[in-house]
Structure formats: C-alpha cells, structure tokens
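All remarks here apply to the structure that follows.
The values are calculated or read from the model by the stated rules, or taken from the named source; none is laboratory data. All values derive from a computational prediction rather than experimental measurement. As a convention, Cβ positions derive from the backbone with ideal geometry for all residues, glycine included, and neighbour counts pool all protein chains shown.
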Amino acid sequence: MTDDGQDEPAHRVLVLYAHPRNDRSVTNVRLADAAREVDGVTLIDLYAEYPSFDIDVDREQDRLLTHDVLVFQHPLYWYSSPAILKEWQDLVLEYGFAYGHDTHALAGKLFFNAVTCGAGRDAYCVDGLHGHELRDLLLPFSRTFHLCRMQVLPPFALFGAGRPVADDRLDAHVDGYRRLLTGIVGGRLDVARTAGLLALSDHLDDLLPAEADA
C-alpha cells in the first residue's frame, strides 16, 4: 500500500513519447494524454525534455532502473521513429549498463512500441504496399531490446493515421491504450499469450482478463 491507501502497482511503466510536432498531432497527443492519466505510468515527452538533444544519460538510466516496462510511443517515420529515440538509444543503452559480459541492468523488463502508422492495415503485410508486417519493420527495436535481455511484446498500433481518423475509431483506440497500460500496471496482461501476435491492439480482450475476474 502507498501512503494514500492505494495498492502498489505490480509494474511501473515508463512511456517515452517522441513526436517533433505536437502542434500537428491529433492521435499521438490524445494517446499521450491518456497515458498520463494512468496511475503507475510515467510519461516523458522527449522533445520537450531535450529540445537540443542533450540527453541526460544518468537520469534516463535511473528512470529505466525504477520502472519495469518501457514503451516507445511515436509515429512511424520511414519504418522507424523520430530521430530523438535513436539518439536516446545510442546514448542511454550503453555497454556496461544495458548490455555487456557482466551487466544487463534491464534484464527481464518488458518493452513494446506504441505506434501510429500513416497507411491502412492492409498495407502492412507481405502482399501489401510495404511488403512486411509492422512487427517485422520494427525489428531493429526488438533486436536492440532482446540484446538487453528484455522481453519484447508486439506493437500497439493505430493504422490509417495519415488521414483524419473517425472520432469513434480514435476514441476506441485511445481507450484501448489506456486499458492496456492500466492492465500492465495492475499485472493483468497475459504476457505469455502475446507470443506470435502481430499487434497487441488486435487482441486486448484475449490478453486482459475482465477486471472483476482479475
């Protein structure tokens, strides 16, 4: 129990949010706001925190050590992420901390991407425009965090975000993100069942037991 009588979170979640133009974002701003509302979630707006890309490595490593789950929330840019997330990885995930012969400070923690994709769902498949599933396109992230001995989950994805998203679909996706983060904090995500899935966002009902049954 915390001092205010609340249950301690089963997992503390760190969301690193990267969008260089919040003034042009609709979906990611909504998702970031939803993440901030979840107790047990810490959301860091990297572009606001480090406008000159002068990343405080010690502070970022301390954040990783005090959280159990890491989320990269970002739009999909050229099959990757906005630049600051690459800079963050290059500096923060250094040898002797995140990987190396003797030290794997992040071992056992969870990671996933929460992404918005411009094209529709059918573009992200072997026969689609991009020729690969989204999870395959995010392979550099998954291999990075596998090297750090973290457990990598499928992405949580909104497809078709390159055009205005219908209010009901956006509302449902934002609610799903909030539900996912709340379930992770409460220890209710069935991590074992995520193996082999292409996207967390397609299977929330299967992965998160009803609150009353938890």
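Couple of notes before you dig in:
- Residue pairs meeting the criteria (Cβ under 6 Å; at least 6 apart or on separate chains; first without any contact (Cβ under 8 Å) to a residue 60 or more places away in the chain and surrounded by fewer than 16 Cβ atoms within 10 Å (Cβ to Cβ), in region 102-115; second assigned to a loop (DSSP other than H, G, I, E, B) and not charged (D, E, K, R)): 103/96
- Residues in region 178-193 that are of a type in the set (Lys, Arg) and assigned to a helix (DSSP H, G or I) were compared, and the one that is surrounded by the fewest Cβ atoms within 10 Å (Cβ to Cβ) is 193.
- Number of positions in region 44-64 that are among the aliphatic types (A, V, I, L, M), assigned to a helix (DSSP H, G or I) and surrounded by 13 or more Cβ atoms within 10 Å (Cβ to Cβ): 3
- Residue count, region 176-190 (criterion: within 17 Å of residue 116 (Cβ to Cβ) and without any contact (Cβ under 8 Å) to a residue 60 or more places away in the chain): 2
- The residue that is surrounded by the fewest Cβ atoms within 10 Å (Cβ to Cβ), counting only those in region 5-43 that are small (Gly, Ala, Ser) and under 26 Å from residue 105 (Cα atoms), is 10.
- Taking residues in region 1-23 that are over 20 Å from residue 67 (Cβ atoms), and partners anywhere that are at pLDDT 90 or above and in a loop (DSSP other than H, G, I, E, B), the pairs with Cβ atoms closer than 9 Å and at least 6 places apart or on different chains are 19/82; 20/82.
- Of all residues assigned to region 68-76, none qualifies as being buried (at least 16 other Cβ atoms within 10 Å of the Cβ), among the charged types (D, E, K, R) and either free of Cβ contacts under 8 Å to residues at least 24 places away in the same chain or not in a loop (DSSP other than H, G, I, E, B) (or both).
- Residue under evaluation residue 80, criteria (1) of a type in the set (Gly, Ala, Ser); (2) in contact (Cβ under 8 Å) with a residue 60 or more places away in the chain; (3) in contact with a strand residue (DSSP E or B) (Cβ under 8 Å, 6 or more places away or on another chain), criterion not met: (3)
- Members of region 116-129 that are in contact (Cβ under 8 Å) with a residue 40 or more places away in the chain and surrounded by fewer than 20 Cβ atoms within 10 Å (Cβ to Cβ): 118, 119, 120
- In region 130-177, residue surrounded by the fewest Cβ atoms within 10 Å (Cβ to Cβ) [restricted to those that are within 29 Å of residue 98 (Cβ to Cβ) and among the charged types (D, E, K, R)]: 143
- Evaluation of residue 196 against the conditions (1) free of Cβ contacts under 8 Å to residues at least 12 places away in the same chain; (2) in a helix (DSSP H, G or I) shows that the sole unmet condition is (2).
- Residue in region 157-166 that is of a type outside the set (A, V, I, L, M, F, W, C), within 28 Å of residue 24 (Cα to Cα), in contact (Cβ under 8 Å) with a residue 60 or more places away in the chain and not in a loop (DSSP other than H, G, I, E, B) present: no
- Subset of region 1-38 (residues that are of a type in the set (Ser, Thr, Tyr) and modelled with pLDDT of 95 or more): 17
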